[in-house]
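The values are calculated or read from the model by the stated rules, or taken from the named source; none is laboratory data. Quantities reported herein were computed from a predicted structural model and do not represent experimental measurements. Note that each Cβ is placed from the backbone with ideal geometry, even for glycine, and that neighbours are counted across all protein chains shown. Surface accessibility is based on the protein's heavy atoms, side chains included, excluding ligands, DNA and RNA. Shrake-Rupley method; radii C 1.70, N 1.55, O 1.52, S 1.80 Å.
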Amino acid sequence: MFVHLDNLPSGYAYNPNEYLCTYDNLDITITLSSVEDLSNGITKPGVFSANIEEKDIPLELTLDLPEGNYHVESWVDYTLASAEFDVNPRVEFGEVSDDDSGSGDNFALDFSIDASKVNVLNIFANKTSKFYFVISQK
């Protein structure tokens, strides 16, 4: 069973991959998350919106997060494209990368912040696209 939300409030998003509705479980509460502004870099965990303007050119994001272990996961904004639109975003952090362990074609990656280093998250996509990603502390 598919659920599609129209007319989300501006500045909010939800991860459609987190919710599963079945005939045995028809009651679902969908949590909307405020989308954080990327203009000042990433200074705290949260939900962010990314626009990839050119395919395979990375969106470089400096992470000014406290030391610790984190998880990042994406979901494509399919409201802007048809269901067969194959965006396939991928992420790199230092020597580790991921392109498809998230739901569908989305990425998911665990990484550690070291305050003595410059911590950069690089996000790529094979097409011009918009998608969301969430960074959470583990």
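The residues of the range 11-37 that are part of a loop (DSSP other than H, G, I, E, B), within 15 Å of Ser74 (Cα to Cα) and modelled with pLDDT under 70 amount to a single one, Tyr19.
For Leu65, the conditions (1) in contact with a strand residue (DSSP E or B) (Cβ under 7 Å, 6 or more places away or on another chain); (2) open to solvent by less than 20 Å² (accessible area, probe 1.4 Å); (3) modelled with pLDDT under 90 all hold with the exception of (3).
Of the residues making up the range 105-120, those that are farther than 21 Å from Trp75 by Cα and surrounded by 13 or more Cβ atoms within 10 Å (Cβ to Cβ) are Ser112, Ile113, Asn119. Under the condition of being at pLDDT 90 or above, out of contact with any Asp or Glu (no Cβ under 9 Å at 6 or more places or on another chain) and among the hydroxyl-bearing types (Ser, Thr, Tyr), the residues counted in the range 39-62 number 1.
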